[in-house]
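The values are calculated or read from the model by the stated rules, or taken from the named source; none is laboratory data. This one's a predicted model, so the numbers in the text were calculated from it and none came from an experiment. In this analysis, Cβ positions are derived from the backbone assuming ideal geometry, glycine residues included, and neighbour counts consider all displayed protein chains.
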Amino acid sequence: MKTISKFLALLAGVACLMSCNKEDKKPDNGPIDLEQHYEMVYMLGGAPGHWDSLDPLPMNTTDDPDVFEYEIDLIRNTENKLVKFTVNIGEWQVTDYLVPVSVEEGQAYCYLKEGVNELKMCSEKNGNLEDHFFGIAEGQSGTYRLRVNPIKLTLEATKLASLPDKEVIEWVEGTIYMVGDATPAGWDINNPTPMVANGNIHTFEGVLNVGEMKFPTKFAWDSPTYMPTENGTVINKSGIADTSVSLMPEGNPDNKWKVEEKGNYKLTLDTEAMTLNVEWLGDAE
């Protein structure tokens, strides 16, 4: 009899425990949202003029917390690496990039199309880094509104105005080029200002702005480049402070001439004597 009583008491305890657990059970509110959201999307490339992943250009936020937008001039050039995106700031090997899902055959860019373009995220730390960009097809240069959604991995492009394509020059072996904010080309390494070659003598006549310049031999920052022997060598109405020139095989150290006065100049680079002579021709209009 005692055994039966103990058994019944045990059953009652189990029933009570199950009842308590049932009452304490919290309601099911559905799956937890683990979706990643981003505070900002940034731009890199030739159009924003920012190449360093430690210093990208931020886009603008919108009413949609997952959409970021920016209005920017996209002008076709030789390299055509106009824009790609990041979702964070950091050293290149730890930065997460948003790039086109595919590129043109043999190129490092995909032609941007009006409407929705697909993106993919890549990074060195994940082993899938691709140094790809959006570029512009011939005749499609213009001002665009770009809207990036890093969650849906989309880039929506709207053309707001047309702009002329930049005149694209072809690289010519033996030609020396000018690049820098003192030159007509600015810092566009893909479309630098050519000098006129006559044997070992290379000349330029035209307007120089206040700023810096150097003379690469190819459309690449790491190409053999003619530079002043001393960084910051001054050019002004009086000529040049030091005519000596050095040829840096890989473009480093990054020495540059410094133009202090805007005006018309004649530059004469002698690649045999390794000198640069400067003649002031008058004020610029």
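Tell me whether the range 218-235 contains one or more residues that are at pLDDT 95 or above, more than 30 Å from E79 (Cβ to Cβ), in contact with an Asp or Glu (Cβ under 8 Å, 6 or more places away or on another chain) and not aliphatic (A, V, I, L, M). There is at least one residue in the range 218-235 that is at pLDDT 95 or above, more than 30 Å from E79 (Cβ to Cβ), in contact with an Asp or Glu (Cβ under 8 Å, 6 or more places away or on another chain) and not aliphatic (A, V, I, L, M). Note on the range 163-201: residues that are hydroxyl-bearing (S, T, Y) and within 22 Å of the chain's Cα centre (by Cα) total 2. Scanning the range 208-225 for residues that are of a type in the set (D, E) and not in a loop (DSSP other than H, G, I, E, B) yields a single hit, E212.
Would you call E105 modelled with pLDDT under 95 and part of a loop (DSSP other than H, G, I, E, B)? Judged against the criteria, E105 is a match. Is it the case that some residue within the range 113-124 is within 13 Å of the chain's Cα centre (by Cα) and of a type outside the set (F, W, Y)? No, because not a single residue in the range 113-124 is within 13 Å of the chain's Cα centre (by Cα) and of a type outside the set (F, W, Y). Within the option set G174, G142, G135, being surrounded by 15 or more Cβ atoms within 10 Å (Cβ to Cβ) and either assigned by TED's automatic domain parsing to the domain that holds D270 or within 22 Å of P216 (Cβ to Cβ) (or both) holds for one residue only, G135. Contact annotation: residue pairs with Cβ atoms under 6 Å, 6 or more positions apart or on different chains, pairing a residue in the range 94-118 that is exposed (fewer than 14 other Cβ atoms within 10 Å of the Cβ) with a partner that is in a loop (DSSP other than H, G, I, E, B), are V94/K125; E118/V101. In the range 186-196, is there at least one residue being of a type in the set (D, E) and surrounded by 14 or more Cβ atoms within 10 Å (Cβ to Cβ)? Checked the range 186-196: at least one residue is of a type in the set (D, E) and surrounded by 14 or more Cβ atoms within 10 Å (Cβ to Cβ). Sub-7 Å Cβ pairs linking a first residue in the range 55-74 that is assigned by TED's automatic domain parsing to the domain that holds L112 and part of a loop (DSSP other than H, G, I, E, B) to a second residue that is of a type in the set (K, R) and surrounded by 15 or more Cβ atoms within 10 Å (Cβ to Cβ), at least 6 apart or interchain, are V67/R147, ordered by first then second residue. As for the range 178-185, it holds no residue that is of a type in the set (S, T, N, Q), on the phi < 0 side of the Ramachandran plot and in contact (Cβ under 8 Å) with a residue 60 or more places away in the chain.
Restricting attention to the range 265-280, the residues being out of contact with any Asp or Glu (no Cβ under 7 Å at 6 or more places or on another chain) and part of a strand (DSSP E or B) number 10. If you check N277 against the conditions, is it surrounded by fewer than 16 Cβ atoms within 10 Å (Cβ to Cβ) and farther than 14 Å from I176 by Cα? The answer is yes for N277.
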